[in-house]
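This structure is in structure tokens; I'll ask about it shortly.
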Amino acid sequence: MSVGKIFKFHNDLDTDQIIASQYLLLPTIDEMKEHAFESLEPDFAAKVTPGDFVVGGENFGCGSSREQAPGVLKALGVQAVVAKSFARIFYRNAINIGLPVIVCRELPDAVKTGDEMELSLTDGTAMANGKSYSCTRLPAYMQQILSQGGLIASLNEQAH
Amino acid sequence: MGMTIAEKIIALAAGVPEAKAGDIHTVNLDRMMSNDGTTHLTVDMYHNRLKDPRIAEPKKMVFIVDHNVPSDSPKTAAAQKKMRDFAKEHGIDFWEGKGVCHQIMMEHYVCPGELIFGADSHTCTYGALGAFGTGVGCTDLLYGMVTGASWVLVPETIKFNLTGKLREGVYPRDLMLTIIGNISASGASYQVMEFCGDGAKTLTVDDRMVLCNLAVEAGAKTAIFEADEIALNWLKERGRKPKAVFKSDEDAVYVKEYTFDLSKIEPVAARPDFVDDVVPAKKVCGVRIDQAFLGSCNNGRIGDLRVGASIVKGRKISDHVRFLVVPASRQVYLQALKEGLIDIFMESGAIVMNPNCSVCWGSCQGVIGENEVLISTGTRNFKGRAGHPSSKVYLGSAATVAASAVKGEICTADMLQD
């Protein structure tokens, strides 16, 4: 996988910060994505480029079950979200829409916004600032959903 | 090896004799609920992404417009029309303006032993009746709608032994905020919070809903009470029957156990911007507020309105405060009318609104502006949750919120002087 810039966020980052309630009923994810992380990084949508990474601490994506949260990150081309741990609904939603979510205990504390990193899903490793970090592999069941491109793609496969 | 209530519900839904934490099972879903926060996207995916669009059992589905009702813009109206038309076309039960989704589900649908997915994080509320309710996103909801089934990773269970009884002036909301403050916002991540013990017997179904509803704020997959006589009587009064009534086995495996003595709980408040930043309410007394909110799926039931009304009765809301009172459902609203509570609120200067999610989710009537402060019985106090990113939300009980509305600054009910 390719090198991308890091955008780093705090522990217990809730999904309201990823996309605020006032934008959830907009017609499409594409209209919502301009407002990603608006409360914390008002220029996030302008600054992020496809292949970049979002890095969080503990309990990333807690709070509301809004699938728009992983949805806007995927629509903006975020390559993966890497965190020390994830809140369960965000984690499941991300896999369901085909956005890789990677648990990596050490990397988040060693990086800051603007650093670059590289991720190998197959090796389960991440590289940042010249150092290699091991990541927790997804359970096989979830890995399969992700590799099929998400739950709907997997459902369409079954429909054959 | 014994099973917990949650494991038994999953085993039944999966059609297997035993389920244990860590297993992944395919389960038949008993019900699915979706609200206007995401349903327009679900409907779009149904039409545009599925090779073989179909609905396994429309009778398992419930669509509820509660987040932005009545609509606040042509775009919202369009999103809700999409949902309304789809429900009508497919014979899906549809509710609009009649209450917050979890209150509607509890009043009309949820039965003990059921496994329910809801496209809303507070679906864990249903554990108050011994059901396994859990929040999902709209893709999971769509998959369930199409197939009638889904997959679950069986969660570990944490046991919460409740002892004693809450003192007068202390409420289940104080108890649950105290628990969350104690175990943290990720203290029950991926796990089930099972509430039991003599203290649980002192709690009504409405009280239990307060506890279960906020379980997601500790990261839990769900929370659950055994469907005891209190729950079964409540269900019978509403003409429903359980799917299954489960108790946890004596030798069930718990990953952790906590004990909370209800008699020791004090009024508390959660400070901005984290639900687990919980302190004694007295510690935040004196914080000037601009708005107070009594409502939500956590704390907008008749008991909460009674508490709020008893405090504002014969008093006036502070000049600089908007006090929003939002019954959680039409049933609650009608009951409050009958009991004269709405008169009391109106005479005090409160703004009584139609049942909806209101300012609790920050995109309905009542959102707050730059640097404004809200004290709320809502579910969350995240940064900007109730409006402008610079605004602040404190969470407290109905009593603390009503007292603060009168005083114009955060205070507990016992501090109000006539």
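The values are calculated or read from the model by the stated rules, or taken from the named source; none is laboratory data. Computed from a predicted model, the values in this text were never measured in an experiment. Positions of Cβ are generated from backbone atoms using ideal geometry, with glycine treated the same way; all protein chains shown enter the neighbour counts.
Checking residue B:209 against (1) assigned by TED's automatic domain parsing to the domain that holds residue B:11; (2) farther than 22 Å from residue B:300 by Cα, which single condition isn't satisfied?
(2)
Among the residues of the range B:403-414, is any more than 14 Å from chain A (Cβ to nearest Cβ), among the basic types (Lys, Arg) and farther than 27 Å from residue B:96 by Cα?
Taking every residue of the range B:403-414 in turn, at least one turns out to be more than 14 Å from chain A (Cβ to nearest Cβ), among the basic types (Lys, Arg) and farther than 27 Å from residue B:96 by Cα.
With a cut-off of at least 2 residues that are within 30 Å of residue B:16 (Cβ to Cβ), without any contact (Cβ under 8 Å) to a residue 60 or more places away in the chain and under 20 Å from the mean Cα position of the chain (by Cα), name the helices (runs of 4 or more DSSP H) lying wholly within the range B:139-240.
Qualifying helices (runs of 4 or more DSSP H): none found.
Whether any residue in the range B:71-86 is over 18 Å from residue A:23 (Cβ atoms), surrounded by fewer than 17 Cβ atoms within 10 Å (Cβ to Cβ) and among the aliphatic types (A, V, I, L, M) is what I want to check.
No, the range B:71-86 has no match at all.
Further question on the same structure: Keeping to the range B:346-368, report how many residues are within 14 Å of chain A (Cβ to nearest Cβ) and aliphatic (A, V, I, L, M).
Going through the range B:346-368 one residue at a time, the tally reaches 3.
Can you pull out the residues in the range A:76-91 that are under 11 Å from the mean Cα position of the chain (by Cα) and farther than 19 Å from residue A:112 by Cβ?
Residues satisfying the conditions are A:76, A:77, A:86, A:90, A:91.
How many residues are surrounded by fewer than 17 Cβ atoms within 10 Å (Cβ to Cβ) and either outside any helix (DSSP H, G or I) or within 11 Å of chain A (Cβ to nearest Cβ) (or both) when one looks only at the range B:52-70?
Total satisfying the criteria: 6.
Which residue pairs have Cβ atoms under 7 Å apart, sit 6 or more places apart or on different chains, and have a first residue in the range A:65-76 that is away from every other protein chain (no Cβ under 12 Å) and a second that is part of a loop (DSSP other than H, G, I, E, B)?
A:73/A:36; A:73/A:99; A:76/A:36; A:76/A:48
State whether one or more residues within the range B:280-290 are touching a residue at least 40 places away in the same chain (Cβ under 8 Å), within 23 Å of the chain's Cα centre (by Cα), within 16 Å of residue B:402 (Cβ to Cβ) and in the same structural domain as residue B:368 (by TED's automatic domain parsing).
So far as the range B:280-290 goes, yes, one or more of its residues are touching a residue at least 40 places away in the same chain (Cβ under 8 Å), within 23 Å of the chain's Cα centre (by Cα), within 16 Å of residue B:402 (Cβ to Cβ) and in the same structural domain as residue B:368 (by TED's automatic domain parsing).
Got a number for residues in the range B:31-51 being more than 8 Å from every other protein chain (Cβ to nearest Cβ) and in a helix (DSSP H, G or I)?
6
Please state which one of B:342, B:317 is modelled with pLDDT of 95 or more, over 30 Å from residue A:15 (Cβ atoms), aliphatic (A, V, I, L, M) and not in a helix (DSSP H, G or I).
B:317
Follow-up. Anything in the range B:185-218 that is on the phi > 0 side of the Ramachandran plot and touching a helix residue (DSSP H, G or I) at 6+ places or on another chain (Cβ under 7 Å)? List them, or say none.
If the condition is that a residue be on the phi > 0 side of the Ramachandran plot and touching a helix residue (DSSP H, G or I) at 6+ places or on another chain (Cβ under 7 Å), then B:190 is the only one that fits.
Let me ask another. Please find, within the range A:92-102, the residue that is surrounded by the most Cβ atoms within 10 Å (Cβ to Cβ) out of those that are more than 10 Å from chain B (Cβ to nearest Cβ) and under 20 Å from residue B:140 (Cβ atoms).
So the residue we want is A:101.
While we're here: Could you tell me whether residue B:22 is at positive phi, more than 9 Å from chain A (Cβ to nearest Cβ), out of contact with any strand residue (DSSP E or B) (no Cβ under 6 Å at 6 or more places or on another chain) and modelled with pLDDT of 95 or more?
No, not satisfied.
Also, quick follow-up: Which ones in the range A:19-61 are part of a loop (DSSP other than H, G, I, E, B), among the polar types (S, T, N, Q) and facing chain B (nearest Cβ under 9 Å)?
Once the filter is applied, which keeps residues that are part of a loop (DSSP other than H, G, I, E, B), among the polar types (S, T, N, Q) and facing chain B (nearest Cβ under 9 Å), the range A:19-61 yields A:28, A:39, A:59.
Only residues that are facing chain B (nearest Cβ under 9 Å) and either in contact (Cβ under 8 Å) with a residue 60 or more places away in the chain or out of contact with any helix residue (DSSP H, G or I) (no Cβ under 6 Å at 6 or more places or on another chain) (or both): list them for the range A:137-151, please.
A:139, A:141 - these are the residues of the range A:137-151 that are facing chain B (nearest Cβ under 9 Å) and either in contact (Cβ under 8 Å) with a residue 60 or more places away in the chain or out of contact with any helix residue (DSSP H, G or I) (no Cβ under 6 Å at 6 or more places or on another chain) (or both).
Now a separate question. Exactly one condition in (1) within 23 Å of residue B:71 (Cα to Cα); (2) among the charged types (D, E, K, R); (3) assigned to a loop (DSSP other than H, G, I, E, B) is false for residue A:16; which is it?
Evaluating residue A:16 over (1) within 23 Å of residue B:71 (Cα to Cα); (2) among the charged types (D, E, K, R); (3) assigned to a loop (DSSP other than H, G, I, E, B) leaves (3) as the failure.
Say whether the condition of being farther than 28 Å from residue A:61 by Cα, crowded, with 21+ Cβ neighbours inside 10 Å and out of contact with any Phe, Trp or Tyr (no Cβ under 6 Å at 6 or more places or on another chain) is met by at least one residue in the range B:134-147.
Checked the range B:134-147: no residue is farther than 28 Å from residue A:61 by Cα, crowded, with 21+ Cβ neighbours inside 10 Å and out of contact with any Phe, Trp or Tyr (no Cβ under 6 Å at 6 or more places or on another chain).
Take the residues in the range B:126-159 that are of a type in the set (Ser, Thr, Tyr) and away from chain A (no Cβ under 13 Å), then tell me which one is nearest to residue B:257 (Cα to Cα).
Among them, the one singled out is B:157.
Determine, yes or no, whether residue B:306 is in contact with an Asp or Glu (Cβ under 8 Å, 6 or more places away or on another chain) and in a helix (DSSP H, G or I).
yes
Which residue is surrounded by the most Cβ atoms within 10 Å (Cβ to Cβ), if the candidates are limited to the range B:113-125 and must be more than 9 Å from every other protein chain (Cβ to nearest Cβ) and in a helix (DSSP H, G or I)?
So, considering only residues that are more than 9 Å from every other protein chain (Cβ to nearest Cβ) and in a helix (DSSP H, G or I), the one surrounded by the most Cβ atoms within 10 Å (Cβ to Cβ) is B:125.
Scan the range B:89-101 and give yes if some residue there is surrounded by fewer than 24 Cβ atoms within 10 Å (Cβ to Cβ), in a strand (DSSP E or B), more than 14 Å from every other protein chain (Cβ to nearest Cβ) and not hydrophobic (A, V, I, L, M, F, W, C), otherwise no.
yes
Okay, residues lined up against (1) within 12 Å of chain B (Cβ to nearest Cβ); (2) among the hydrophobic types (A, V, I, L, M, F, W, C); (3) more than 30 Å from residue B:53 (Cα to Cα); (4) touching a His at 6+ places or on another chain (Cβ under 9 Å):
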residue	(1), (2), (3), (4)
A:90	yes, yes, no, no
A:113	no, no, yes, no
A:128	no, yes, yes, no
A:135	no, yes, yes, no
A:153	yes, yes, no, no
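Considering only the range A:77-88, state which residues are out of contact with any Lys or Arg (no Cβ under 9 Å at 6 or more places or on another chain) and more than 9 Å from every other protein chain (Cβ to nearest Cβ).
Of everything in the range A:77-88, those that are out of contact with any Lys or Arg (no Cβ under 9 Å at 6 or more places or on another chain) and more than 9 Å from every other protein chain (Cβ to nearest Cβ) turn out to be A:77, A:78, A:79, A:80, A:81, A:82, A:83.
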